[in-house]
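Taking it in order: structure first as C-alpha coordinates, then the write-up.
The values are calculated or read from the model by the stated rules, or taken from the named source; none is laboratory data. Everything quoted here is computed from the prediction, not taken from an experiment. Using ideal geometry, Cβ is built from the backbone for each residue, glycine included, and neighbour counts are taken over all protein chains shown. Surface areas here come from the heavy atoms of the whole protein model, side chains and all, with no ligands, DNA or RNA. Shrake-Rupley method; radii C 1.70, N 1.55, O 1.52, S 1.80 Å.
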Amino acid sequence: PSPKSQPNGASEEALRCEIKELKQKDLALDQEIAQLLSEGYSLEELDKHISLLHEYNEIKDAGQMLLGKLAVIRGVTTKQLYPEYDLELSD
(Lines give C-alpha, C1' and ligand atoms only; values in the text may rest on other atoms or scores of the structure.)
Protein backbone atom coordinates (compact mmCIF):
# COMPACT_ATOMS: atom_id res chain seq x y z
CA PRO A 1 0.00 0.00 0.00
CA SER A 2 1.11 3.54 -0.66
CA PRO A 3 2.07 5.72 2.29
CA LYS A 4 -1.10 7.82 1.73
CA SER A 5 -3.36 4.78 2.24
CA GLN A 6 -1.64 3.80 5.51
CA PRO A 7 -2.34 5.35 8.87
CA ASN A 8 0.16 8.08 9.76
CA GLY A 9 1.91 5.97 12.39
CA ALA A 10 2.48 3.09 9.97
CA SER A 11 3.98 5.26 7.24
CA GLU A 12 6.19 7.04 9.76
CA GLU A 13 7.40 3.70 11.09
CA ALA A 14 8.13 2.50 7.53
CA LEU A 15 10.13 5.66 6.90
CA ARG A 16 12.06 5.20 10.15
CA CYS A 17 12.93 1.63 9.13
CA GLU A 18 14.02 2.78 5.68
CA ILE A 19 16.18 5.54 7.17
CA LYS A 20 17.77 3.03 9.56
CA GLU A 21 18.55 0.66 6.66
CA LEU A 22 20.04 3.48 4.58
CA LYS A 23 22.22 4.58 7.50
CA GLN A 24 23.46 1.00 7.89
CA LYS A 25 24.27 0.80 4.16
CA ASP A 26 26.07 4.15 4.35
CA LEU A 27 28.15 2.91 7.29
CA ALA A 28 28.98 -0.34 5.47
CA LEU A 29 30.10 1.58 2.39
CA ASP A 30 32.23 3.92 4.50
CA GLN A 31 33.85 0.86 6.10
CA GLU A 32 34.48 -0.70 2.69
CA ILE A 33 36.09 2.51 1.41
CA ALA A 34 38.24 2.71 4.55
CA GLN A 35 39.32 -0.91 4.02
CA LEU A 36 40.31 -0.26 0.40
CA LEU A 37 42.21 2.88 1.39
CA SER A 38 44.02 0.97 4.15
CA GLU A 39 45.04 -1.62 1.54
CA GLY A 40 46.76 1.11 -0.42
CA TYR A 41 44.11 1.94 -2.99
CA SER A 42 43.43 5.56 -3.80
CA LEU A 43 40.11 7.03 -4.85
CA GLU A 44 41.73 8.17 -8.11
CA GLU A 45 42.92 4.62 -8.79
CA LEU A 46 39.47 3.19 -8.14
CA ASP A 47 37.90 5.83 -10.42
CA LYS A 48 40.42 4.90 -13.14
CA HIS A 49 39.55 1.20 -12.82
CA ILE A 50 35.85 1.97 -13.11
CA SER A 51 36.49 4.11 -16.18
CA LEU A 52 38.55 1.35 -17.79
CA LEU A 53 35.82 -1.21 -17.07
CA HIS A 54 33.25 1.02 -18.79
CA GLU A 55 35.55 1.37 -21.81
CA TYR A 56 36.14 -2.40 -21.91
CA ASN A 57 32.39 -3.08 -21.81
CA GLU A 58 31.74 -0.63 -24.65
CA ILE A 59 34.43 -2.27 -26.79
CA LYS A 60 33.12 -5.74 -25.94
CA ASP A 61 29.57 -4.68 -26.89
CA ALA A 62 30.83 -3.36 -30.24
CA GLY A 63 32.67 -6.64 -30.87
CA GLN A 64 29.56 -8.65 -30.01
CA MET A 65 27.52 -6.54 -32.40
CA LEU A 66 30.05 -7.11 -35.20
CA LEU A 67 30.10 -10.85 -34.54
CA GLY A 68 26.31 -10.87 -34.66
CA LYS A 69 26.24 -9.09 -38.03
CA LEU A 70 28.91 -11.40 -39.43
CA ALA A 71 26.95 -14.42 -38.21
CA VAL A 72 23.81 -13.16 -39.98
CA ILE A 73 25.76 -12.59 -43.21
CA ARG A 74 27.25 -16.10 -43.06
CA GLY A 75 24.00 -17.70 -41.92
CA VAL A 76 25.51 -19.17 -38.74
CA THR A 77 25.22 -18.51 -35.03
CA THR A 78 27.64 -16.27 -33.20
CA LYS A 79 28.61 -19.31 -31.13
CA GLN A 80 29.85 -20.98 -34.30
CA LEU A 81 32.18 -18.03 -34.99
CA TYR A 82 33.97 -18.15 -31.64
CA PRO A 83 36.46 -20.93 -32.51
CA GLU A 84 37.34 -19.19 -35.79
CA TYR A 85 38.49 -16.11 -33.84
CA ASP A 86 39.99 -18.03 -30.88
CA LEU A 87 37.29 -16.75 -28.52
CA GLU A 88 36.00 -18.53 -25.46
CA LEU A 89 32.23 -18.71 -24.95
CA SER A 90 32.79 -16.86 -21.67
CA ASP A 91 34.43 -13.91 -23.54
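Every test in (1) in a helix (DSSP H, G or I); (2) surrounded by 11 or more Cβ atoms within 10 Å (Cβ to Cβ) is passed by Q31 save one, and that test is (2). Per the listing L67, L89, L53, the residue uniquely outside any helix (DSSP H, G or I) and among the aliphatic types (A, V, I, L, M) is L89. Cβ separations smaller than 7 Å between residues 6+ apart or across chains give the following pairs from the range 42-55 residues that are open to solvent by less than 100 Å² (accessible area, probe 1.4 Å) to residues that are of a type in the set (A, V, I, L, M): L46/L36.
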